[in-house]
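As structure tokens, the structure follows; a few thoughts come after it.
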Amino acid sequence: MEPADPDFDQEMLIQQLIDAVPCSQCGQSYEAHEVHVIAQDDDTWTLVAACSSCGVECLIRASMDEMNAGVQEPPDRDEVAAWGQFLAGFEGDLRGLIDDLI
């Protein structure tokens with residue numbers, strides 16, 4: 001089945017994942033040959049990534065709605081520092097905070 005956006009191809013998805021998702025075990029960045037699409041439907045793709053550094057394999061589900069939204073600029077140092085200060089004193093529900101931000 002084709003993705004919802006015909007201009008969005010498999011290579012672009014894999015590159016975005018490589019840029020954004022490191023190995024959950026060792027933190028090493030994946031290489032393109034280590035990431036493979038194993039299933040897709042209209043708005044969700046499932047990929048498997050095998051880390052050549054530590055050997056851990058993981059499944060990744062990618063939402064085309066999020067991927068098609070484009071790559072956002074990473075936060076600058078001031079934004080990171082501000083969030084660090086906020087979270088250092090935060091005593092509320094972190095899951096609820098994240099859900100509100102998304």
- Rank these for me by crowding, Cys54, Cys23, going from fewest to most other beta carbons within 10 Å. Cys54, Cys23
- Item | Fully extended contour minus Cα-Cα distance, from Trp83 to Met12, at 0.36 nm per residue | 22.5 nm
- Taking the highest mean first, how do the peptides 42-49, 76-83 order by number of other beta carbon atoms within 10 angstrom per residue? 42-49, 76-83
- Taking amide H positions as placed in the peptide plane 1.01 Å from N, state which residues far from Tyr30 in sequence (5 or more) or on other chains have amide H under 5 Å from it. Cys23
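No value in this document is a laboratory result; all are computed from the given coordinates. All of these numbers come straight from a predicted model, not from anything done at the bench. Every residue, glycine among them, receives a Cβ derived from its backbone with ideal geometry; neighbour counts consider all protein chains shown.
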